[in-house]
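Colleague: One structure follows; several queries about it will come next.
The values are calculated or read from the model by the stated rules, or taken from the named source; none is laboratory data. Because the structure is a prediction, the values reported are computed rather than measured. Note that we place each Cβ from the backbone using ideal geometry, even for glycine, and neighbour counts take in every protein chain shown.
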Amino acid sequence: MRKFKPGFWFLVCWILLSLSTGIWQYFNAPPTGIHQGAQTDRACIAWNYYDQSMNFFKPRVMETRLNDGIAGMEFPVVNYSVALLYKIFGPHDIIYRMVVFLIVSAGVYAVFLLSGFFMQRFLSRILLVFSWYLSPIFLYYSFSFLPDTSALSFSMIATYFFIKYLFGIHEKKSIAFYFLFISLAGLIKITFLIIHITCFSILFLLRFKPTLIAINKQVTPSQLISVFIPVVPVFSWYFYAAKLTEHTGNTHFLQQINPAKNLHDAGDYMLYAYNTWSNSIYVQFGFISIIVLYIITWIGKRKENPLLATLSALCFGGAVACYFLFQFQFLYHDYYYLIFFPALFLMFLFMQQVYLEGKKIIMGILPFLFLIGFYIFPFLSLSHARYMLKERFRPDSYYFQEAFPEQKHYHNIADVINKFVPKGERIISAFDPTPNTSLYFMRRQGIRIAGDFSPKLTADIILDTKYKYLLINDEKKWNSGYADTLNLESKLIYSGGPLRLYRLNY
């Protein structure tokens, strides 16, 4: 009888898990739900590569008030890859979601392979990996338009190759792949260079404190100097992106350090973030329970597996530092918490090694609790993550949080626009609080008018661009002062639901 390799059974389990979570129901969905604006910001980059220009170094958004929409951003390798597929198969949102999901699948598989360096039983490895993956935010963003899960996945692939290198397995090839994938992770999301700092801290300790890690590996000065290999392309790209942002004035993707101003604010921010996002990371109290158990275990048992103890502590410390540097953003952006997930996996793995692989389940209450949790947590997480996924796609749910209520009327508006507006003509969109959501659904570049723009500012913007077509979603508001201030002749050419399409005569 043919014996299948663990990779085959992982694939089977991964497909079954993906089906059981229900993500397949949403693969064809446009950017929708929570952080819809941020999702369309990235989706429109791929669209404009496809529709406007394949110049990799000039990514474009839909809003064109400044420099034709060209904007500095994170390394757009995913967006560009999607655009290439658009050229072959046509521009469909399912392609974007599938590309991101395949990257995440590769990352989860790398985590499974990484676990094999420390664990022998297939079932234990699968339960550990799926416990880690089955977080509501990880599941939701594992096939979304945001770049964070791609960066996370590349960082985990890099970690796998680093461990291979550390254990002396195909050293040259392993370190080369490590540099490749950690560079991609940092290019896509610079905060994931925390993994690089963690890994090279291990090499530094092996060089100067080898007894701390308990691995017999010689580290040369040249190997330590190679720490700069991924740093050069990452900082070069972000320097270029900053200069491009400065030149164009488009700050759609600007990421700035934004810590709390004082300890009192930091405490308030932590409490607010916990109350808002704790059940989006894992089941209620799951995240805090993991952290508390890990800290207790690390204090008492770190010498039992010094490599994983040090790796997890350094990685977690880096994530905490990132949290406090960007603490204000963590208040409102759940996907920022993905920076903790490399550390969370290493923490899971460390505790598994101490309590289960070390066969200490009869030596105290903590090992017994971990044993129970190890086999129950994946199933609790699956149920919770599946429920939260449905909530995030259910329009009347608190967790849906669309960009603006009228967005549901835009999902099929591109066909209408193509029927009434000549190709290449840009459009004015009113009213949209986000820069690109309504314009992306129209598949047209143009300008958007936010609901809090005054009639005078709106008139100035429109008269400056002289775009001929205007799509509004609130006729009553438009007629309450905007139309009179603009004082242009207009012809209604389409009406559907709250949407009205006008042709303006200057």
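Colleague: Quick one: in region 280-290, which of the residues that are at pLDDT 90 or above and not aromatic (Phe, Trp, Tyr) is nearest to Leu325 (Cα to Cα)?
Modeller: This residue is Ile281.
Colleague: Next question, about the same structure. Return yes or no: is Pro378 assigned by TED's automatic domain parsing to the domain that holds Phe118, more than 30 Å from Leu19 (Cβ to Cβ) and touching a Leu at 6+ places or on another chain (Cβ under 9 Å)?
Modeller: It is false that Pro378 is assigned by TED's automatic domain parsing to the domain that holds Phe118, more than 30 Å from Leu19 (Cβ to Cβ) and touching a Leu at 6+ places or on another chain (Cβ under 9 Å).
Colleague: Something else: Can you find, within region 147-173, the residue that is surrounded by the most Cβ atoms within 10 Å (Cβ to Cβ) among those that are part of a loop (DSSP other than H, G, I, E, B) and in contact (Cβ under 8 Å) with a residue 24 or more places away in the chain?
Modeller: Here the answer is Pro147.
Colleague: Please identify the pairs in which a residue from region 278-289 that is closer than 15 Å to Phe379 by Cβ has its Cβ atom under 7 Å from the Cβ atom of a residue that is surrounded by 15 or more Cβ atoms within 10 Å (Cβ to Cβ), counting only partners at least 6 apart or on another chain.
Modeller: From residues that are closer than 15 Å to Phe379 by Cβ, the pairs are Tyr282/Ser135; Tyr282/Ser381; Val283/Leu380; Val283/Ser381; Val283/His384.
Colleague: Moving on. Of these, Val227, Val219, Val129, which one is farther than 27 Å from Ser105 by Cα and in contact with a Phe, Trp or Tyr (Cβ under 7 Å, 6 or more places away or on another chain)?
Modeller: Just a single option satisfies the conditions, and that option is Val227.
Yes/no per residue for (1) surrounded by fewer than 23 Cβ atoms within 10 Å (Cβ to Cβ); (2) in a loop (DSSP other than H, G, I, E, B); (3) on the phi < 0 side of the Ramachandran plot; (4) in contact (Cβ under 8 Å) with a residue 12 or more places away in the chain:
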residue: Leu19; (1), (2), (3), (4): yes, no, yes, no
residue: Ile34; (1), (2), (3), (4): no, yes, yes, yes
residue: Gly37; (1), (2), (3), (4): yes, no, yes, yes
residue: Ala46; (1), (2), (3), (4): no, no, yes, yes
residue: Tyr50; (1), (2), (3), (4): yes, no, yes, yes
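Colleague: Please state which of the following conditions Ile215 fails to meet, knowing it meets all the rest: (1) β-branched (Val, Ile, Thr); (2) within 29 Å of the chain's Cα centre (by Cα); (3) farther than 27 Å from Leu146 by Cβ.
Modeller: Here Ile215 meets the rest and fails (2).
Colleague: Show me the helices (runs of 4 or more DSSP H) found entirely inside region 183-235 where at least 2 residues are surrounded by 14 or more Cβ atoms within 10 Å (Cβ to Cβ) and at pLDDT 90 or above.
Modeller: 193-208
Colleague: So which residues in region 118-146 are in a helix (DSSP H, G or I) and not hydrophobic (A, V, I, L, M, F, W, C), if there are any at all?
Modeller: Of everything in region 118-146, those that are in a helix (DSSP H, G or I) and not hydrophobic (A, V, I, L, M, F, W, C) turn out to be Ser124, Arg125, Ser131, Tyr133, Pro136, Tyr140, Tyr141.
Colleague: Quick one: would you say Trp237 is under 27 Å from the mean Cα position of the chain (by Cα), closer than 30 Å to Arg392 by Cβ and not basic (Lys, Arg)?
Modeller: no
Colleague: Confirm whether Thr32 is over 30 Å from Leu127 (Cα atoms), hydroxyl-bearing (Ser, Thr, Tyr) and modelled with pLDDT under 95.
Modeller: Here the answer is yes, as Thr32 does meet what is asked.
Colleague: State whether one or more residues within region 73-80 are in the same structural domain as Pro230 (by TED's automatic domain parsing), assigned to a helix (DSSP H, G or I) and surrounded by 23 or more Cβ atoms within 10 Å (Cβ to Cβ).
Modeller: Yes, some residue in region 73-80 is in the same structural domain as Pro230 (by TED's automatic domain parsing), assigned to a helix (DSSP H, G or I) and surrounded by 23 or more Cβ atoms within 10 Å (Cβ to Cβ).
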